[in-house]
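Input: a single structure, listed below in structure tokens.
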There are 4 protein chains.
Amino acid sequence: MANKLRIGLLGAGRIGQLHGTNIQNFVPTAEVVVVADPFMNEKTEAWAASIGIPATTKDPEEVFANPDVDAVFICSSTDTHADFIIKAAQAGKHIFCEKPIHTDISKIKEALAAVEAAKVKLQVGFVRRFDKNHKAVRDTVASGKLGAPYVVKVTSRDPAGPPMSYVAVSGGIFTDMMIHDFDMVRYLSGSDVVEVSTVGAVLTDPGYAEYDDVDTAIVTLKFANGAIGVIDNCRTAPYGYDQRVEVHCEKGAVQDNNALENVAFISTADGVESAKPTYFFLERYNDAFVAEEIAFVDAINNDTEVPVNGIDGLEPVRIAIAAKKSLKEGRPVKLSEIEG
Amino acid sequence: MANKLRIGLLGAGRIGQLHGTNIQNFVPTAEVVVVADPFMNEKTEAWAASIGIPATTKDPEEVFANPDVDAVFICSSTDTHADFIIKAAQAGKHIFCEKPIHTDISKIKEALAAVEAAKVKLQVGFVRRFDKNHKAVRDTVASGKLGAPYVVKVTSRDPAGPPMSYVAVSGGIFTDMMIHDFDMVRYLSGSDVVEVSTVGAVLTDPGYAEYDDVDTAIVTLKFANGAIGVIDNCRTAPYGYDQRVEVHCEKGAVQDNNALENVAFISTADGVESAKPTYFFLERYNDAFVAEEIAFVDAINNDTEVPVNGIDGLEPVRIAIAAKKSLKEGRPVKLSEIEG
Amino acid sequence: MANKLRIGLLGAGRIGQLHGTNIQNFVPTAEVVVVADPFMNEKTEAWAASIGIPATTKDPEEVFANPDVDAVFICSSTDTHADFIIKAAQAGKHIFCEKPIHTDISKIKEALAAVEAAKVKLQVGFVRRFDKNHKAVRDTVASGKLGAPYVVKVTSRDPAGPPMSYVAVSGGIFTDMMIHDFDMVRYLSGSDVVEVSTVGAVLTDPGYAEYDDVDTAIVTLKFANGAIGVIDNCRTAPYGYDQRVEVHCEKGAVQDNNALENVAFISTADGVESAKPTYFFLERYNDAFVAEEIAFVDAINNDTEVPVNGIDGLEPVRIAIAAKKSLKEGRPVKLSEIEG
Amino acid sequence: MANKLRIGLLGAGRIGQLHGTNIQNFVPTAEVVVVADPFMNEKTEAWAASIGIPATTKDPEEVFANPDVDAVFICSSTDTHADFIIKAAQAGKHIFCEKPIHTDISKIKEALAAVEAAKVKLQVGFVRRFDKNHKAVRDTVASGKLGAPYVVKVTSRDPAGPPMSYVAVSGGIFTDMMIHDFDMVRYLSGSDVVEVSTVGAVLTDPGYAEYDDVDTAIVTLKFANGAIGVIDNCRTAPYGYDQRVEVHCEKGAVQDNNALENVAFISTADGVESAKPTYFFLERYNDAFVAEEIAFVDAINNDTEVPVNGIDGLEPVRIAIAAKKSLKEGRPVKLSEIEG
């Protein structure tokens, strides 16, 4: 297996370690050859050693400069994504970048231009596309057997809200949380969003209001293909991670339920009791992360299109900006109003 | 509507009133013209009046003698069924008879002979065949699209056991309760039972043992068509009426779940909670009783085969006798050992 | 049973016959004593006779003037509802009125004033409140055990669109179809709607556009209690009547699935196949109609509050007007902008 | 991590490679230090190298003699299991042994005696105990919250039958396939089996008859605690791996459904269509294998009881022998009739 794709991992936080561990254990056609993190410490080095990563560094530049690195996984803090994309592209490395590329449209476009110029591949980390359940819904729609899509619906609720310290820097619910759903509706409908209208509320914790944010939001959408849609988000759902999608089409509807922790159930005089939905994204999208990594590696090895490209990285950011603007201005906002 | 089928109702207990009320309200092609019950009293007469039954009597002979009666519903006590069948047949009336015809095989055969001689129709009250769920299972098997049946399974549990005074005279779990399931497996498989083997236990109430009865039983079955099967019964299931059937075939399996009281569900940190199964036979088989009555009336009006005939009334009794014998003797019992 | 509530039925079309038949068969504490319909003919008279209604007339005035009528069921054409309410109230009759009372707010208010003045009871025919599934959802929310409601969601799709001749006079999707859902969200949330925002599309049949109508619409809502919500409607859903509600609350979510035609399922190499949802409102809300009728009769007999009062009749009309205005003007519309 | 448990893997066939790969990837407290297989070849060596196993050999004796091996995984052919247990025990190694230990009771007892004498740990590979769904059922029963168990039911159907060449040497359906279910009923009920009664048939392929085997079987069971039970097996189920368990207890029932390939579903005019059950044991019990391995390693590292001990390995073999005898002799067979 001399021709494994050699990966440089940028960032060894939670999501970086997740990707690194997955690649070493489950992606036989790739291997992590170096991990860079400015906060590299003994614990991180021990983790790297335990899964067979041969080199570590505090300096990302070493990764870009390393001729033995074929591709990078950008798992560092969001503000570094665009610059690291540019540097990696200039160094001729293929790029997997966690979402979002940036919160600033110009910066995203600059990064995409660098990728375009370098003719490297860029895949953005919208992992939910690789969930087998959502994928089954999308594949049914894309097959055309249900005819044209009419209504696209996505429900997304986190089990528990983040700490207020995170809310303060998160960029708000639309950029931080609903961005996944903006990607999902594009994926499900096979169409771009042309207008959004938002209603939001602070219901779970008054703290959100202090950061000019909401914790609960519903956004309606118009798509370029004529379909309409709706996304609802809430920061807290004590029963677990609520992740459901639905597409109502001409000849039928396709949807998914939540995956439950197990399929056992108890019947008593009080009713029938089943397990809760899986707790959060690590539980629900565990296998999807692996599928995402394999898809990226395969696209490079086979020189095919990546399944989530730069435009797929850009558009959800634009929709998020539009949704936030709609909430603020109390009116529908067209995507044509947003830089892009 | 001069040509409604005119029905004489024999027995105005719970099941008699159920049939009478249903016919008056839901069977537009029939009408109850008289009800006979030796215990006829003011309350029963008020019930009859309230649903427009024009005549009541304490004497069943009046019904047999009445030239305005086209058909009878025999809903009296079990020991009278066979004699009433004979009298009704001799009077040229068509007959709907609640199960079982009798617990004595010879007596059943005598009744069937009278029906045969009089060329009247006889339908036996195995109401579960008319449940839309079980019927969907059977129709799938009968369609042949799943190929040959391999395994037939029936689960049947009552929400709560009967009073011991009833157990004393019930004839035991096989004749009183599992008889419905013996009919069901014949219905589902489209085949006769040729051998049974029983295991039973007294688990819910030691009182059953005093009457030489069990409260929990599992009976395995061999069918004439080569399939095998199993029925399990329990006298108590606190979560409601557990009524599930399943047929595993060459190309797939078809089964039904319990119908629940409603389709709402609550998701909390404790799990997902749904409603219980419907409580008992009146709730679960309510619509099936009406379908059964209509099927009988239609068979007469159209002069077609009744859907549950005399042999269908006889065979479950024979299987019940075999199952009881198997339990007692601790060995498989062939149906050929039982009079028939 | 001398003290049955005596009902005069106004209108013997589909919904009038439904109520009439139900009352005669399933509401033992009431009886229909007369039915009035300007199009009374032999067939209608035969129907009335078949279920024991002793009198028929072409003139509704006879019903209002009849001292033996305690209450009326107004099942005539929509444009007559308000006037009939006024006449019935002035005659001292209690009133059950099919929805909507009127499409004109002033006219509704006039009718409600007449009811108020006469101190009779008025119940409006929002039958879905009596569906056991939706009721279980609402009762869970109302019990408070899940805490405050955050998000209220209603999906409502008809199996097939109405003929264009009906669309022409229907008043549009919001008044004709979504009005049920506007009532439902008030019922579920226990709160009034204060603002709506609509997105709509013509997707199933271009004919809707000719009548300035849409066939698919999503309306977001803000409630007085701070919760937010969304309703989606589509005129066609080939899989049957799609009727689902959901309330996400502080401590959990409660929702219902569609009731299916049966609970059998087939497992083959192609997947697991279940029955479709029940076809349309007669199938899905059959039992709810009876519960609605009983609730009305009980409220009169026990002199208690009716479960769906005049305000409950008025508000959904106001919300429908607001939703239509929002669609037309492309902006959120506050209920305070609508006469009320 | 100097104190990882050092494992010698005996047998590098399908199940051996499964355990080896799992341990290397998912059991951070253990490592495979050597793999022995008499058919060791280049391909197997490449597999071992790819997951970081440092040594390979054709001679199992090298593993027993190796002082750096703390425990062995016996994944070799069934006839070698007992002897390898004895050798490993004599060498002071802890032992994980795939089921069955042997088909001969005396040989099993000899192996268990060796384990007892050496005071090493022995865990037998009944992996289904570690399936989260079955475990949830068992844990509910074991918690006692549903009261005493009354009826234990297990359904187990393979997606497709094995080749006839395998049937020839498999030992028959009871030893080869139903043995898992015999273990499962002991696990679920928390009780020993005292009597079995079998009915079987050749339905899927006449070839089974040539080997004096059946392809479809139902076995009823009596337990020491008074409960009764039933297992049904079929060699073919085109819809996938059918694995359901159910325990009906005093206060309710607990059961599991099949895990489906995904939780998406399509609603059309033809019905509601879901995914099939997961295909076979690798798909369904994938996570259970890892849980099983971790449980074994933990029991050694913490010096606690293994969750599936020698008696748990012995009893299912005895029950299988009894079930086969019951089929042959056409009578219930007591476990006391079987050597043990």
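The values are calculated or read from the model by the stated rules, or taken from the named source; none is laboratory data. Since this is a predicted model, take the numbers as computed values, not measurements. Here the Cβ positions follow ideal geometry from the backbone for every residue, glycine too, while neighbour counts run over all protein chains shown. All accessible areas refer to the heavy atoms of the entire protein, side chains included, with ligands and DNA or RNA removed. Shrake-Rupley method; radii C 1.70, N 1.55, O 1.52, S 1.80 Å.
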Using only the C-alpha atoms of the range D:294-340, find the volume of their convex hull and express it per residue in Å³.
75 Å³
SASA check, A:F130, accessible area w/ 1.4 Å probe, all protein chains in place, rounded to nearest 10 Å², comes out at 30 Å²
For C:274-283, mean number of other protein chain Cβ atoms within 10 Å:
3
Along Cα→Cβ at 7 Å, what distances in nm separate the A:A269 label point from those on the other copies, shortest first?
2.8, 4.8, 4.9
When each of A:K135/C:K153; D:K87/D:K107; B:K251/D:K132 is checked by Cα-Cα distance, pairs over 18 Å
A:K135/C:K153; B:K251/D:K132
Place a +1 charge on the Cβ of each Lys and Arg in the protein assembly as shown and a -1 charge on the Cβ of each Asp and Glu, then give the dipole magnitude about the Cα centre in debye, rounded to the nearest 20.
0 debye
How do D:M164, B:M177 rank by accessible surface area computed with a 1.4 Å probe, from largest to smallest?
D:M164, B:M177
Total accessible area lost when D and C pair, probe 1.4 Å, Å² to nearest 100
1000 Å²
Mind giving me the nanometre distance, one decimal, between the label points for A:E61 and B:M40, set 7 Å out from Cα along Cα→Cβ?
10.9 nm
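First measure r as the distance between the Cβ atoms of A:E110 and A:S336, then evaluate 1/(1 + (r/R0)^6) with R0 = 25 Å and state the FRET efficiency to the nearest 0.05.
So the FRET efficiency works out to roughly 0.70.
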One would report the Cα pair-distance distribution of the range B:13-163, bin width 5 Å, in %, as 2, 8, 15, 17, 17, 14, 13, 8, 4, 2, 1, 0
Peptide C:230-239 - average C-beta neighbours from other chains (10 Å radius):
6
Percentage of Cα-Cα pair distances in the protein assembly as shown greater than 54 Å, rounded to whole percent?
34 percent
For the range D:249-270, state which residues have at least 40 Å² less accessible area in the presence of all protein chains than in their chain by itself, taking the probe as 1.4 Å and leaving out ligands, DNA and RNA.
D:A253, D:Q255, D:N257, D:N262, D:V263, D:A264, D:F265, D:I266, D:S267, D:T268, D:A269
Asserting the computed 222 nm helical MRE of chain C (DSSP H runs at least 4 long, -39500 (n - 2.57) per run, divided by residue count, to nearest 500) equals -11000 deg cm²/dmol
Förster radius 41 Å - calculated FRET efficiency between C:E283 and B:S77, Cβ distance, rounded to 0.05:
0.60
Mean Cβ neighbour count within 10 Å, used as a protection proxy, ranking D:262-268, D:210-216, B:299-305 highest first:
D:262-268, D:210-216, B:299-305
Please report, in whole Å, how far the alpha carbons of chain D spread along each principal axis, starting with the longest.
57, 54, 47
Per residue accessible area in Å² of chain D, where ligands, DNA and RNA are left out and the probe is 1.4 Å
37 Å²
Cα-based shape type of the range A:207-252, given that a ≥ b ≥ c are square roots of the gyration tensor eigenvalues and the cut on a/c is 1.5:
oblate
With just the Cα atoms defining each centre, how far is the range D:86-128 from the range A:1-52? Give it in Å.
39 Å
Mean-square fluctuation check for chain C, GNM, Cα pairs under 10 Å: which of C:V185, C:V137, C:V297 is largest?
C:V137
The correct pairing of chain A residue and whole-Å distance, for the Cβ nearest the axis that maps A onto D, is A:N25, 2
Might you work out the accessible area of A:L314 for me, using a 1.4 Å probe with all protein chains in place, and round it to the nearest 10 Å²?
10 Å²
For the range B:188-269, what does the alpha-carbon gyration tensor say about shape, rounded, prolate or oblate, given a ≥ b ≥ c as the root eigenvalues, a/c under 1.5 as rounded, and a/b over b/c as prolate?
oblate
Ranked by accessible surface with a 1.4 Å probe, highest first, in what order do B:K107, D:K153, C:K251 come?
C:K251, B:K107, D:K153
Cα-centred dipole magnitude for the range B:64-207, charges only on beta-carbon of K, R (+1) and D, E (-1), debye, nearest 20
540 debye
Three-way shape label, the range A:196-324, alpha-carbon gyration tensor, a/c 1.5
oblate
Taking B:Y285, B:Y187, A:Y279 and ranking on accessible area (1.4 Å, protein atoms only), highest first, one gets A:Y279, B:Y187, B:Y285
Give me the percent of the accessible area of the range C:232-340 that comes from carbon and sulfur atoms, probe 1.4 Å, all protein chains in place.
50 percent
Extending each Cα 7 Å along its Cβ direction at B:E250 and C:D68, get the distance between those two points in nm, one decimal.
6.7 nm
Residue of C:A89, C:A227, C:A55 that the Gaussian network model of chain C assigns the largest fluctuation, springs spanning Cα pairs under 10 Å:
C:A55
Accessible area of A:E31, 1.4 Å probe, to the nearest 10 Å²?
60 Å²
Farthest toward the dipole's positive end in the range C:247-340, which of C:N258, C:A275, C:L314, given Cβ charges of +1 (Lys, Arg) and -1 (Asp, Glu) about the Cα centre?
C:L314
Rounded to the nearest 20 debye, what is the charge dipole size of the range D:134-237 about its Cα centre when +1 sits on each Lys and Arg Cβ and -1 on each Asp and Glu Cβ?
620 debye
For the range B:103-219, which whole percent of the accessible surface, found with a 1.4 angstrom probe, sits on carbon and sulfur atoms?
51 percent
Any idea which of A:T175, A:V154, A:V202 is furthest toward the positive side of the dipole for the range A:135-203, if Lys and Arg beta-carbons carry +1 and Asp and Glu beta-carbons -1?
A:V154
Placing the label point 7 Å from Cα along the Cα-to-Cβ direction, what are the distances from B:E110 to the equivalent spots in the other copies, shortest first, in nm to one decimal?
6.8, 7.8, 10.4
Distance (nanometres) between label positions extended 7 Å along Cα→Cβ at B:A209 and D:S143:
3.1 nm
Peptide B:137-144, shielding by other chains (average Cβ, 10 Å cutoff)
1
At D:P163, label 7 Å along Cα→Cβ: distances to the other copies, nm, ascending?
6.0, 6.7, 6.7
Can you tell me the FRET efficiency between C:K328 and A:N309 if r is taken as the Cβ-Cβ distance and R0 is 56 Å, rounded to the nearest 0.05?
0.90
Determine the distance separating the Cα centre of the range D:252-325 from the Cα centre of the range A:129-184; give it in Å without decimals.
32 Å
